[in-house]
Amino acid sequence: MSKTNLTRRGVLQTGAVAGAGLALPTYLSAASHSGFTNAPGDSSVTLGFNVPQTGPYADEGADELRAYELAVEHLNGGGDGGMLPTFSSQALDGTGILGRKVEYVTGDTQTKSDAARASAKAMIEKEGAIMITGGSSSGVAVAVQGLCQEAGVIFMSGLTHSNDTTGKDKKANGFRHFFNAYMSAAALAPVLSKMYGNDRKAYHLTADYTWGWTQQESIAAATEAMGWETVNNVLTPLAATDFSSYIAPVLNSGADVLVLNHYGGNMVNSLTNAVQFGLRDKQVNGKNFEIVVPLYSRLMARGAGENVKGIFGSTNWHWSLQDDASKAFVKSFGTKYGFPPSQAAHTCYVQTLLYADAVTRAGSFNPCAVVEALEGFEFDGLGNGPTLYRADDHQCFKDVLVVKGKDNPTSEFDLLEIVEITPRAQVEYAPDHPMFAGGQLGSCNPGA
Amino acid sequence: MDAIILQILNGLDKGSAYALIALGLTLIFGTLGVVNFAHGALFMIGAFCAVTVQRILNLSYETIDPSQTDFLGNPLVVKTPYVHSWFGPETGASIIEWSVPIAIIFAIPIMIAIGFIMERGLIKHFYKRPHADQILVTFGLAIVLQELIKYFYGANPIQTGAPDVFRGSFDFGVLLGFDPNVIIYPYWRLVYFAFAAVIIGAVFAFLQFTTFGMVVRAGMADRETVGLLGINIDKKFTIMFGLAAAVAGLAGVMYAPINSPNYHMGMDFLVLSFVVVVVGGMGSLPGAVLAGFLLGILESFASMNEIKSILPGIDQIIIYLVAIIILLTRPRGLMGRKGVMED
C-alpha cells in the first residue's frame, strides 16, 4: 500500500503557484485585455521605425529616420508643428496620440527582406510597437507588410514603388502613401511623347526583382500606347555594379531611347556607364539618342552627378514645391537638419501623421478601427494636393511630379526641376487593373 | 563579329581590375602565406583616395549672394573653391577636373603606409595561425574598413569624374572598317587598361630585375633557406605587403571614374578576385594576371543577350562555372606549379 504526503494546504499552495504561473503570460500580454496586439498604456504609445540603417540605402534610411523624429516631435507638441497646421484634418493637436506621448523604437532593415522582418518582429514582440513604418525597397515592404498582417499591427510603408505592394501583395493592415510604377509611367509617358515624339524605339535595362519588373511593364505599356516600340528588355542582376556589357549592345539594337528601370546604386552606375559610352551624344534613326529614368531619387541623383542633366523621370514629391504644406515641411526639416528633405523623408513623415490622425479620428488604437478610418480617407495639406487613400487597395491617389535633371544646379540639393505636375485623374486606374491583379486585400487583423 | 570585339573590349577593363587585385593577393599569399580578405577593402580605399583628393581640391570659402536665396529663403551662400581664387577660375577648374590622376600621387604613399600598418599591426600576429583564422581576421578588418568609409562618406555612390579630355568614347568600329557607332569604347576605360598594363609590367620588372625582387622570389620558393642565408625575409615581405596594397589602391583610384565609388565596392571585387587567384594557380603571378583578363572577358561575353537568351542567368555564374571546369581539369589552376602552396 502506497503512502503519500499530500496535505490540503500543500495542494492549495501548489495550485496557487501553478495558477499564477499559467496566468502570468496572459497578464504580461496586455493586448489580450484590449483585443488587439500591443495596446498602449495610458501614458505613451510606441511606434516602430524600420529603416535601412546599414547597407546600400543607409543614407535614404537616415533621411527617413530624421523625418520620423521630426514627426514625433510635432505630434508631441514640439517644434513649429510642421504640416500639422496645413493638414486638412485638424484632429491632431500636438498632445501625442489620443493623449499618449509618442515614443519610438528603431530597427535596421539592411534592405534585406529577412533582416527587415526580423527587426519588425523584434519591435512588435519585444518593444511593443503598435505600428511599423519605413523601408526603402519594395522587396522589404512586401515582406514586412505580410508580417504586420500576421502580427496584427498596422504597416505604413515608406519608399516602395512596385505595383505589387498594393497589387498582388496588398494586405488589409498595410497602407502606401508613395506612388507606384504604374503612376510613374502614366505621368511620364505623355511628357516623353511631347518631348521626343511618338516614333521612338526603346531599349530597357531592368533590375531583376519585383520593382524592376513592374516598373518595366508599366513604362513599356504606357510608351507603347503612345506609339513607341519596345526593342528589347534586358534583366540585369540587382548586384551588378558595371553595366558596360549591357549598355554596349544598345547602339546596335536600332533603339533611340534607353530606359533605365534601375534605382539607387544600379541607377547611378548604369546611367554613368551609359554617358561614358557616349550614348547621349549619338544620333540614331535621325534622332538624338535619349535616356529615361522612370523613378528618380534626389539623394541618389547626387551620385550620378552631372550625368542626370536633362534626363526625365518622376518623383513622389520634391522640396521645391511651393504649396503651403511643402513649404512648411521644408522649413521645419531644413531648420532642424540644415538641408532639404528627400521624397523618402516626406512620405515617411506624412505616413506617421496619417496614422496618428486615423487613430485620433477613430478614437482607438485598434488596427481594425485605424483601417476603417484610413479607408476612403480624402485629405489635403500634406504636400501632394488633394489625396485619396483608396479603400480597395490601400493605395494613395494624388498628383505625380514629372522631373528633369537640372542643367544649372545652384547647390548639391538642387538637382531636379519639376517639369509637370500630372493631375491625379491621369494616373488613376481600376482596382482590378491587370497590373495589380492576383492578390486579395483580405480583412484586417487586430492580432491578440 | 562586332559584338565579339565589343565584349572583348568590355572585358578588358573589368579584367584589368581583377588582374590588379589578384596580383596583390597572390603577392601576399605567395610571400606571407596569408589569405588576405581585406584586399578588396584596399581597392575601395584607393577609390576613396580619389574621392578625398576631389573633396580637398573642392574646399571652398563662402560668400553671401543677397540676390539669390537658398531653399529656406535665406540669402544664398555661394561656395567658391580656393583653387579657383588661387589659380583663376579656368586653371582652378582644370585642377579639380584632374583630381583622379592627381590622386595617384597621394595614393601611393598612403596605400603603402596602410599596408605597413595592416601587416605590422595585425596580420603578422596571424602568420602561424591556421588559414581559417587569417580569413576571419582579415574579413573582419574589411568590414571595419568599409564601415569606417561609410561613416565618413555615406552609403551613396560618389561621382568622381575623369578629366574632360578622357570623357566620351572612341569609335573603334570605324578604325576596323565597321559602320560608325557599332563598336564604341569609353576613353577612360582604355586609359585604365593601359594603366593596368603598365602597373603589371612594373611589378614583374621589379620582381624580375632587382636584387630585392630576386630575394622575394627566392623567399616565395623557400622561405627557410633564404632566412638561413642571413637575409631578413620578414622585412622584405612587409615591404611586399605595402607594394601589394599600393597596387590594389592604384587600381581603385583609377577605377573611380568608371563606377562611382561606394563603401561596398571592395566586397564586390573581392570574391571574384579570389576565384581569379585560384584559377590562375595559387602563388603564380602570371597566372593571376592571365586569369583576371580571361574571366573578365568571359563575364562580359556571358552578359550578351544572345547567350543569356539560351542560358538565362549565365552572367551570374560563368566565372564560378569556368573555375570548376579549370580546377577539375587542372587542379593547380592555369599556371600553378607542382609543390607550390601544397604543403
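The values are calculated or read from the model by the stated rules, or taken from the named source; none is laboratory data. Predicted, not measured: the structure shown is a model, and the values here were computed from it. Here the Cβ is made from the backbone with ideal geometry for all residues, glycine too, and neighbour counts use every protein chain on show.
Couple of notes before you dig in:
- Any hit, the range B:142-151, residues being more than 14 Å from chain A (Cβ to nearest Cβ) and out of contact with any Cys (no Cβ under 8 Å at 6 or more places or on another chain): yes
- Of all residues in the range B:150-169, those satisfying the criterion of being of a type in the set (A, V, I, L, M, F, W, C) and either in contact with a helix residue (DSSP H, G or I) (Cβ under 6 Å, 6 or more places away or on another chain) or on the phi > 0 side of the Ramachandran plot (or both) are B:155, B:158, B:162, B:166.
- Taken across the range A:221-237, residues that are in a loop (DSSP other than H, G, I, E, B), of a type in the set (Gly, Ala, Ser) and either surrounded by 20 or more Cβ atoms within 10 Å (Cβ to Cβ) or within 13 Å of another protein chain (Cβ to nearest Cβ) (or both) do not occur at all.
- Members of the range A:238-269 found to be crowded, with 23+ Cβ neighbours inside 10 Å, farther than 16 Å from residue B:184 by Cα and among the hydroxyl-bearing types (Ser, Thr, Tyr), listed by number: A:263
- Residue A:172 meets all of the listed conditions (1) buried (at least 24 other Cβ atoms within 10 Å of the Cβ); (2) closer than 19 Å to residue A:355 by Cβ; (3) within 17 Å of the chain's Cα centre (by Cα) but one, namely (1).
- Remark: residue A:217 falls outside the filter, which requires a residue to be in a helix (DSSP H, G or I), without any contact (Cβ under 8 Å) to a residue 24 or more places away in the chain and over 29 Å from residue B:161 (Cα atoms).
Here is a yes/no grid of residues against (1) assigned by TED's automatic domain parsing to the domain that holds residue A:328; (2) surrounded by fewer than 18 Cβ atoms within 10 Å (Cβ to Cβ); (3) under 30 Å from residue B:158 (Cβ atoms); (4) not polar (S, T, N, Q):
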site: A:410; (1), (2), (3), (4): no, yes, yes, no
site: A:414; (1), (2), (3), (4): no, yes, yes, yes
site: A:422; (1), (2), (3), (4): no, no, no, no
site: A:426; (1), (2), (3), (4): no, yes, no, no
site: A:445; (1), (2), (3), (4): no, no, no, no
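- Scanning the range A:63-83 for residues that are in contact with a strand residue (DSSP E or B) (Cβ under 8 Å, 6 or more places away or on another chain) and within 14 Å of chain B (Cβ to nearest Cβ) turns up A:64, A:65.
- Selected residue [of a type in the set (D, E, K, R) and buried (at least 17 other Cβ atoms within 10 Å of the Cβ)] from B:90, B:97: B:97
- From B:134, B:146, residue being farther than 19 Å from residue B:241 by Cα and in contact with a Phe, Trp or Tyr (Cβ under 7 Å, 6 or more places away or on another chain): B:146
- The set of residues from the range A:238-282 being within 7 Å of chain B (Cβ to nearest Cβ) and assigned to a loop (DSSP other than H, G, I, E, B) comprises A:241, A:242, A:277, A:278, A:282.
- Strands (runs of 3 or more DSSP E) lying entirely in the range A:88-164 (those with 3 or more residues that are of a type in the set (A, V, I, L, M, F, W, C)): A:154-157
- Residue list for the range A:282-314, filter: polar (S, T, N, Q) and surrounded by fewer than 22 Cβ atoms within 10 Å (Cβ to Cβ): A:283, A:285, A:288
- Scope the range A:283-305; condition in contact with a strand residue (DSSP E or B) (Cβ under 8 Å, 6 or more places away or on another chain), of a type in the set (D, E, K, R) and not in a strand (DSSP E or B); matching residues: A:298
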